[in-house]
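Reviewing the structure listed below.
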Amino acid sequence: MAELAATAPSSSAEVDCRVSVTFDPALATPRPPDLAAGVAEVTRWLPGLESHLAMAGVAVRGRATAAWLTGRLRVAYDPASRSDLTDYDEQADELLRWSEAGPVSFQESWDHWQHDSGLSVSWAMVEAPRQSVMDRVLVPLLAAGPFARRMTLLYEPLSAGAAADEVEREITNTQVRRMWAHKTKRDETQRDRDDLSRAVQSAREEAEGAGVGRFTLYVTTTVFDAEQMPAATADVEQRAGQAKVRLRRLRGAQITGFAASLGLGINPAELARRPRK
C-alpha cells in the first residue's frame, strides 16, 4: 500500500486520527502544590485512560512525542511541507524543533485565514443532529475528499453536581418554552415535544448514574490557492448537511477556529471562562 501511495499520490488519501486529553490540575482533589506534582499525578492516570481507549475500539499506537506533535503542527500551518514531514523516521527527530511548529507568517481576513503555504476556512457547530444519532452520522465529514479537511470533536465532562443542574436546567427551559407558546397561543411543534422528551430522558439516565458532558465540533479545510476556496467551502457545507450537522462559518474568528480544530486540547469555550488579567 505504501508503494501504491507513492506511485499515485494524486489518487491516494491520508487519514490521521488522534485523541488528546487535557487535564486541569487546579480542579484535582487534593490540589497538586506545583506543576511537577501535577505532571506526576496525570502520569499515574494515563495508563487507565489508554486501556479505556482500547475498549472503545481504538488501536493505541503510543503516546505522541514532541517531534511528532511538531511535525503535525508544522504540516497544519505549512501544508506544502506534508511530504517532507509526515514520513520522517526516528533519526530525524532532532530536526523537528518545537520553536518551528508555528507559522512563519500569517494574515487573518474576515472569512478565511492565510498561513504560510495554505489558506484555511473554519466552522463551528451550532446545532447537533436532531434525529437519532447513529454510529455513522459523521462519516460524510470524516470521509476522504478532494480537499484537506480537519474535524475536531471537543467533549467536556461535567462533575456529578454540575450534571444534575444541567439536566434540570434543560427540563426547565423546555417547560418555559411550552408555557410561552401556550400564552402566545402558538401551536406546539413536534420539535418542542421531542426536546422535552429528550430532556426528561437525559434526567432519568443521569439519575441512574449516566455521565453528562458538553460537546461541540470544529471543522477546518485548507487549500493552496484562493481559486480553490469556493469549491472547498461548498464541499464542507455539503458534507455537514449530509451529516445533519449545522455549521456556522467563523467570520471574524478564523484564527480561533483553526486553533480549536488542531485537536490539541484548545477549547475556546473554556478559554472564554477564564478571568482576564
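Which whole-number percent is the relative contact order of the stretch 161-211 (Cα, under 8 Å, 6+ apart)? All intermediate terms of the calculation are to be shown ahead of the outcome.
Numbers: 25 pairs, mean separation 26.7, N = 51.
Result for the stretch 161-211 is 52 percent.
Would you mind computing Rg(Cα) / (2.2 N^0.38 Å) for the stretch 205-268, counting N as its residues? It would help to have the intermediate numbers written out before the result.
Details: Rg = 15.5 Å, N = 64, 2.2 N^0.38 = 10.7 Å.
In units of the 2.2 N^0.38 Å rule of thumb, it is 1.45.
Net charge around Val245, counting only other residues with Cβ within less than 11 Å of its Cβ (Lys, Arg = +1; Asp, Glu = -1)? Please report the intermediate quantities before stating the final value.
Values: positive: Arg130, Arg239, Lys244, Arg246, Arg248; negative: Glu127, Glu237.
Overall, the nearby charge balance is +3.
Quick one: angle between helix 160-183 and the longest Cα principal axis of the chain, in degrees between 0 and 90, rounded to 10, please.
Tilt relative to the chain: about 60 degrees.
Starting from the Cα of Ala162, move 7 Å in the Cα-to-Cβ direction to define the label point; list residues of the stretch 22-41 whose amide nitrogen is under 14 Å from there.
22-29
Shape of the stretch 123-277 from its Cα gyration tensor (a ≥ b ≥ c, root eigenvalues): rounded if a/c is under 1.5, otherwise prolate when a/b > b/c, or oblate? Please list the in-between numbers first.
Values: a/c = 2.01, a/b = 1.58, b/c = 1.28.
Prolate, since a/c reaches 1.5 and a/b exceeds b/c.
Enter the per residue convex hull volume of the stretch 61-188, computed from alpha-carbon coordinates, in Å³ rounded to the nearest integer.
Taking only Cα atoms, the stretch 61-188 has a hull volume of 222 Å³ per residue.
Give me the log10 of I(q) over I(0) for the chain at q = 0.12 Å⁻¹, as the Debye formula computes it from C-alpha points; what are the numbers?
Per q value, in the given order, log10 I(q)/I(0) is -0.97.
Can you give the angle from 0 to 90° between the axis of helix 35-55 and the longest principal axis of the chain, with both taken from C-alpha atoms, to the nearest 10?
Tilt relative to the chain: about 80 degrees.
Please give the helix 190-207 orientation as an angle from the longest Cα principal axis of the chain, in degrees from 0 to 90, rounded to the nearest 10.
That helix lies at roughly 80 degrees to the long axis.
Sort Val176, Val236, Val15 so the one with the fewest other Cβ atoms within 10 Å of its own Cβ comes first.
Values: Val176 10, Val236 23, Val15 7.
If I rank by nearby Cβ atoms, fewest first, I get Val15, Val176, Val236.
Taking the beta-carbon count within 10 Å as an exposure proxy, list Met1, Met134 from fewest neighbours to most.
Details: Met1 6, Met134 9.
Ascending number of Cβ neighbours within 10 Å: Met1, Met134.
Suppose the chain between Ala56 and Arg214 were pulled fully straight at 0.36 nm per residue; how much longer would it get relative to their current alpha carbon spacing?
On the way: separation 158, 0.36 × 158 = 56.88 nm, distance 1.94 nm.
My answer for the length gained is 54.9 nm.
Okay, helix-only estimate at 222 nm for the chain: each DSSP H run of n ≥ 4 adds -39500 (n - 2.57), divide by all residues, round to 500 deg cm²/dmol; what do you get? Present the calculation step by step, with values, prior to reporting the outcome.
Working: 10 runs with 116 residues, N = 277.
Computed mean residue ellipticity for the chain: -13000 deg cm²/dmol.
Give me the orientation-averaged projected area of the Cα convex hull of the stretch 161-211, in nm², one decimal.
If I average the Cα hull's projected area over directions, I get 3.4 nm².
If R₀ is 25 angstrom, what is the calculated FRET efficiency for the pair Glu270 and Lys244, using the beta carbon separation as r and rounding to 0.05? Can you show the working numbers first?
Numbers: r = 26 Å, r/R0 = 1.05.
That gives a FRET efficiency of 0.40.
Only the coordinates and a few stated rules stand behind these numbers; no lab work does. Owing to the predicted nature of the structure, the values given are computational and were not obtained by experimental measurement. A quick note on method: Cβ atoms are made from the backbone with ideal geometry, for glycine too, and the neighbour counts reach across all protein chains shown.
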